[in-house]
Each structure stands twice: as structure tokens, then as C-alpha cells.
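Participant: Before I ask anything, let me first share the structure, which is written out below as C-alpha cells.
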Amino acid sequence: MNRIHNFNAGPAALPLPVLEEIRDSFLDFKGSGMSITEISHRSKGFEDVLNDAVARTRRLLKLNDQYQVLFLQGGASLQFCMVPLNFLAQGGSADYVNTGAWAGKAIKEAQIQNKPVKVAASSEDRNFCYIPRNIAFNKDAVYVHLTSNNTIKGTQWASLPDTGKVPMVIDMSSDIMSRPVDMAHIGMIYAGAQKNIGPAGTCLVIIRKDLLDLCPDHLPTMLNYRTFAEKNSMYNTPPCFGIYTISLVLKWLEETIGGLEKMDALNQAKADLLYTFMDASGFYKATADQGSRSLMNVTFRLPSEDLEKAFIAKAAENHLGGLKGHRSVGGCRASIYNATGLDAVRDLVSFMKVFQSRS
Ligand SMILES: *Cc1c(COP(=O)(O)O)cnc(C)c1O
């Protein structure tokens, strides 16, 4: 077996013990004589998996009874349309913060429904290299929408803004479970699983129950949050394998890592190592402003595009994969999600030193 250091942006690295457990129990899930992908979603076996994934999510994020945990399909992208569809049906407007491509898509999905959305702040003026500060939010908005980590531009909110009584709806696709979250002003979190917690095709949704009162009756059943809340994510066949994998990743986070404070400390150590090295190198240049830099997606440039091409190719030869920047921005990106360890970052930095010295 020849596993590489995986710096992919998504789908991305999963913890090796999780993959091994999936492999080892794949043909015979808990003595059932069937694979997890073959058992009924109404069986006790799957019910236990779902309840475990929910309970671990609640414990890791310290959720109180006001919140419900759901697993939906359609990726994070379906949430871009479901959020305004459900929460703005009874009138009112929403504030959005535009911090890059994903936020832009969320805004677009609200606008094509002719919903009154306001871009309360944007970092487009400097190509999304920073997180806007001191934002004057509309106190009467139904919700404020944020993207906590900008996977493509490599920026991240260091801490969440105070939106007072207005609940935040946060796309946490690329930093969910990477650090503790202050739930004080949060109405909803959503996250496509494939960056930090599982395979593509499952979206974790954490919703404050009072927001369910906003969801109208006239929506298509599968687009209404109440459908999934009332049936504990089991209105139709849920993404069983995805939920199973998520439960194992969350078990790893709780039992091997030791919770989100520990995960956060590790993630900071990884990011520090990489940014500190790059800042001193005079060769690799981080694209995000200090204070706005992502701990998950480290975006950087080399002195020329030719050097970047050579860097990505040479890195791949050295078992360092996935370092190409997003196709819309070019450059390089090292995604260092939870499952990409300090050892991988150390090896990357060693390689970067050698590459620089030979260029
Ligand atoms: C990847 C990503 C998405 C899109 O997720 P899909 O599951 O592909 O729909 C949305 N938002 C952010 C921040 C992402 O990183």
C-alpha cells in the first residue's frame, strides 16, 4: 500500500483508522452478514449508526436542546437554495457577507428566487484576500449568512461576528469540526461532508428548532427542513454510507484526538508551521492577509506560474498530492484538514525548502 500525503481540497483526506475500520467491517457489518451498504435504513443496525452520529455531533459541538442535527443530501450547494426558500418564505430580508465563490453562489441562489437579500459586506475589492470587519448588519434581517472558511481563497473568520438577535446561518463546509464553535448567535450550520468529516453526498445540517417555524407548508416536501426534522433525517432513504463514515470520523475526533479543543490546537500548529516558513522564505507567498488566513486551506503563490507548475509536479513525485490551487484562481493550495497530520505538513515544508534551494 502506498498512501500519499493528501492535500486535496475536497473530497479530501480521511483518518486512516477510519478507512481501516470501514475496510475491516465492510463485508460483515456488526455480525449482520451484510455490508453497511446492504442493510435496511430502517434496521436497528443503521438506526444505531444514525443516533451515534447525531450524539457525537451534539457532544463535540456542545449543542443544547434548542438544536437539531440532520443529515441531508444534495451537498452544501442545495443549502444555498434551501436556506432562503425556507427562511424567507414569510417575508423579511437576509444579509449576506460575500467572501468569495461559495458565498457568491449562496447569494445567487437567494437572488434567483427574487428574495430580498443585501450584501452587507464584501471583500471583492481586494480579490477576497481578507475577511471584512465591523460590519453593520441589518437588525431586522431574518438571518445573516456567512461562509466560515473560504476554501478557494484561503481565508477564514478568526472569530464569528456578534449579530445580536439575528441568527447566523453559516456554511461551515470546509472547517466543520476543526475547532470549537460559539453557538450563541447561530441559527443554522451546514456543511458538505467531503472536506472534513466524510464522503461526498451527505450534508450535515444543525438547525435551531425555532427556525423551523419559518418553513412554509407549500414547499416541495424534499426541500422543506421540517420534513427532515420531523422524521429524524429518515423521510426517505438517507445517505447511509456517508452517515456511517461520519460517525466513525467523529468517534476518531472524540476518542483518538480528544475533542475539538485538541483538534484546534493541532490545526493551529500545522498552519503555523506552514505560514511561518512561507513568510520567512522570500519565495512562497501566502495570498491571504494576516489575521484572515485559513487554518484549513493554505493558498500561496510562487514567483512564476512556470515554477508553480514544476512545484506541483515535483511534489506529486514526492508523494505530496493535491497542491494545485482551485481552477478559478490558479497558484497553489495546501488543504490541511483534520485528517492531514503534522507529519504531512512537516514533510511538505521539507520538500518546499529543497524545491526553493534548487530553483
Ligand atoms: C465545497 C464547498 C461547497 C460545495 O459543496 P458541495 O457538497 O459540492 O455542494 C460549499 N461551500 C463551501 C465553503 C465549500 O468548501
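No lab work stands behind these numbers, since they all come straight from the coordinates. Bear in mind the structure is a predicted one, so any value in this text is a computation, not a measurement. FYI the Cβ positions are ideal-geometry reconstructions off the backbone, even for glycines, and counts take in every protein chain you see.
Participant: Determine ³J(HN,Hα), in whole Hz, for all residues of segment 60-77 in sequence, where each value follows from phi through the Karplus function 6.51 cos²θ - 1.76 cosθ + 1.60 and θ = phi - 60°; x replaces Gly and Pro.
Facilitator: Running phi through 6.51 cos²θ - 1.76 cosθ + 1.60 with θ = phi - 60° gives 4, 9, 6, 7, 8, 5, 5, 9, 10, 9, 10, 10, 10, 10, x, x, 5, 4 Hz.
Participant: I've got another one for you. Tell me, what is the Rg over Rh of segment 179-318, with Rh the Kirkwood radius over Cα pairs? Walk me through the numbers on the way to the answer.
Facilitator: Working: Rg = 20.3 Å, Rh = 18.8 Å.
On the Cα set of segment 179-318, Rg over Rh gives 1.08.
Participant: Okay, next question. To the nearest 20 Debye, how big is the dipole of segment 280-338 about its Cα centre, given +1 on the beta carbon of each Lys and Arg and -1 on that of each Asp and Glu?
Facilitator: Working: 8 positive and 5 negative charges, 20 e Å.
Value, rounded to 20: 100 debye.
Participant: Using the Karplus curve 6.51 cos²θ - 1.76 cosθ + 1.60 with θ = phi - 60°, work out ³J(HN,Hα) for each residue of segment 116-125 in order, rounded to whole Hz, and write x for Gly and Pro.
Facilitator: Computed from phi, the couplings for segment 116-125 are x, 10, 10, 7, 6, 7, 8, 10, 5, 4 Hz.
Participant: Another one. Near the amide H of His145, under 5 Å away, which other amide H atoms are found, from residues 5 or more places off or on another chain, if H is placed in the peptide plane?
Facilitator: It is Asp95, Tyr96, Val97, Val169, by chain and number.
Participant: Can you give the convex hull volume per residue for the Cα atoms of segment 259-357, as a whole number of Å³? Intermediate results must be reported in sequence, preceding the final value.
Facilitator: Details: hull volume 9.9 nm³, N = 99.
Hull volume over Cα atoms, normalised by residue count, gives 100 Å³.
Participant: Another question, then. Tell me, what ³J(HN,Hα) does each residue in segment 139-145 have, in order and in whole Hz, if you take phi through Karplus 6.51 cos²θ - 1.76 cosθ + 1.60 with θ = phi - 60° and put x for Gly and Pro?
Facilitator: Per residue, the Karplus-derived 3J(HN,Hα) values read 5, 9, 5, 6, 7, 10, 9 Hz.
Participant: For the ranges 277-284, 87-94, what's the packing order if you count other beta-carbon atoms within 10 Å of each residue, average per peptide, and put the highest first? Kindly include the intermediate steps, with their values, before the conclusion.
Facilitator: Values: 277-284: 15.0, 87-94: 17.5.
Peptide ranking by packing, descending: 87-94, 277-284.
Participant: Starting with the fewest neighbours, write out Glu21, Glu261 ranked by other beta-carbon atoms found within 10 Å of each beta-carbon. Spell out each step's value before the answer.
Facilitator: Values: Glu21 16, Glu261 11.
Taking fewest neighbouring Cβ atoms as first place, the list is Glu261, Glu21.
Participant: What FRET efficiency would be calculated for the residue pair Lys105, Ser159, taking the C-beta separation as r and a Förster radius of 22 Å, to the nearest 0.05? Numbers along the way, then the final one.
Facilitator: Values: r = 24 Å, r/R0 = 1.10.
Efficiency at R0 = 22 Å is approximately 0.35.
Participant: Where does segment 79-174 land on the Kirkwood hydrodynamic radius, alpha-carbon pairs, in angstrom?
Facilitator: Values: mean 1/r = 0.0754 Å⁻¹.
It works out to 13.3 Å.
Participant: Continuing with this model, one more query. Please report how many Lys pairs in segment 259-357 have alpha carbons closer than 22 angstrom, counting only residues at least 8 apart along the chain or sitting on separate chains.
Facilitator: For segment 259-357, the number of qualifying lysine pairs is 14.
Participant: Give me Rg over Rh for the chain, both radii from the alpha carbons and Rh done the Kirkwood way, two decimal places. Working shown, then result.
Facilitator: On the way: Rg = 20.7 Å, Rh = 21.2 Å.
Result for the chain is an Rg/Rh of 0.98.
Participant: 5 Å is the cut-off here: which amide hydrogens, built 1.01 Å from N in the peptide plane, fall below it relative to Ala13, excluding neighbours closer than 5 in sequence?
Facilitator: Those lying under 5 Å, H to H, from Ala13 are Asn8.
Participant: Could you bin all the Cα-Cα distances of segment 19-86 into 10 Å bins starting at 0 and give me the percent of pairs in each, rounded to whole numbers?
Facilitator: 16, 34, 35, 14, 1
Participant: Follow-up. May I ask what percent, to the nearest 5, of DSSP beta bridges between residues of the chain are antiparallel? Working shown, then result.
Facilitator: Numbers: 21 of 39 bridges.
Looking only at bridges with both residues in the chain, the antiparallel portion is about 55 percent.
Participant: Here's a follow-up. What is the set of long-range amide H partners of Arg293 at a cut-off below 5 Å, with H atoms built 1.01 Å from backbone N?
Facilitator: The answer is Gln156.
Participant: May I pose another question? What lysines sit close enough to Lys209 to cross-link, taking a C-alpha to C-alpha distance under 28 Å and skipping anything fewer than 8 places away on the same chain?
Facilitator: Excluding near neighbours in sequence, the set is Lys44, Lys62, Lys105, Lys108, Lys115, Lys118, Lys139, Lys165, Lys195, Lys231, Lys251.
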